[in-house]
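Read the structure below first, then the notes.
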Amino acid sequence: MNTTITLDTYDYAKKLKKANVPEAQIEVEIERDKDRTQAINSLLNNNIATKHDIALVQHDIALVRKDIEIVKADLTKEIEILRRDITWIKIGGSIIGGIIVLGFTILGLLITLFH
């Protein structure tokens with residue numbers, strides 16, 4: 001959708017002539033105003049979001065939010081798995097530590113018995 005601002009240069013020139021503005025100045029002012037109008041139209045058509053543009057962005061945001069929720073759920077599952085793994089590693093480390101202590105105790109007893 002294009003929005004266009006128009007300038008009635010003929011009407012504007014007539015008003016300037018009635019005000020006794022010299023012809024050369026009228027031409028300069030008309031050209032300046034045409035340039036300004038063209039610049040404004042360019043800004044309007046290139047930088048203003050339409051309702052459709054906003055609806056598209058809102059749709060994209062909704063999709064990203066869904067993706068975030070999926071990633072969040074996956075990460076929560078992965079964190080839970082890692083917590084269980086760490087717990088088992090701690091338990092395994094404790095068991096191995098206990099076996100080592102038990103082994104040294106038995107070794108100490110054997111040395112004492114056979115020494």
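Screening the chain for whole DSSP H helices of 24 Å or more along their axis (Cα) with average Kyte-Doolittle hydropathy at least 0.5 returns 51-114.
Comparing H59, I95, Q25 along the charge dipole axis of the chain, the residue lying farthest to the positive side is I95, per the Cβ-charge model.
Per-residue ellipticity at 222 nm from helix content only, as computed over the chain with -39500 (n - 2.57) for each DSSP H run of at least four residues, stands at -31500 deg cm²/dmol.
Under a point-charge model restricted to the Cβ atoms of Lys and Arg (+1) and Asp and Glu (-1), what is the dipole moment magnitude of the chain relative to its Cα centre, in debye to the nearest 20? List each step's numbers first, then the result.
Details: 15 positive and 16 negative charges, 84 e Å.
In debye, rounded to 20, the chain gives about 400.
Dipole orientation for the chain: of the candidates T3, F114, I81, F114 has the Cα lying most toward the positive pole (charges on Cβ; Lys, Arg +1; Asp, Glu -1). A Förster radius of 22 Å combined with the Cβ-Cβ distance from T76 to A55 puts the calculated FRET efficiency at roughly 0.10. Taking the Cα atoms of the range 12-115, the ratio Rg/Rh between the radius of gyration and the Kirkwood radius comes to 1.81.
Sorting 31-43, 53-65 by their mean Cβ neighbour count within 10 Å, with the most densely packed peptide first, gives 31-43, 53-65.
State the volume of the convex hull built on the alpha-carbon positions of the range 1-48, expressed per residue in Å³ and rounded to an integer. Don't jump to the answer; show the numbers that get you there.
Numbers: hull volume 2.7 nm³, N = 48.
Taking the convex hull of the Cα positions in the range 1-48, it is 57 Å³ per residue.
As a length-normalised measure over Cα pairs under 8 Å and 6 or more apart, the relative contact order of the chain settles at 25 percent. In the frame of its principal axes, the range 43-82 has Cα extents of 54, 15, 5 Å, reported largest first.
We did not get these values from a lab; they are worked out from the coordinates using the rules stated. Since the structure is predicted, the reported quantities are computational estimates derived from the model, not experimental observations. A quick note on method: Cβ atoms are made from the backbone with ideal geometry, for glycine too, and the neighbour counts reach across all protein chains shown.
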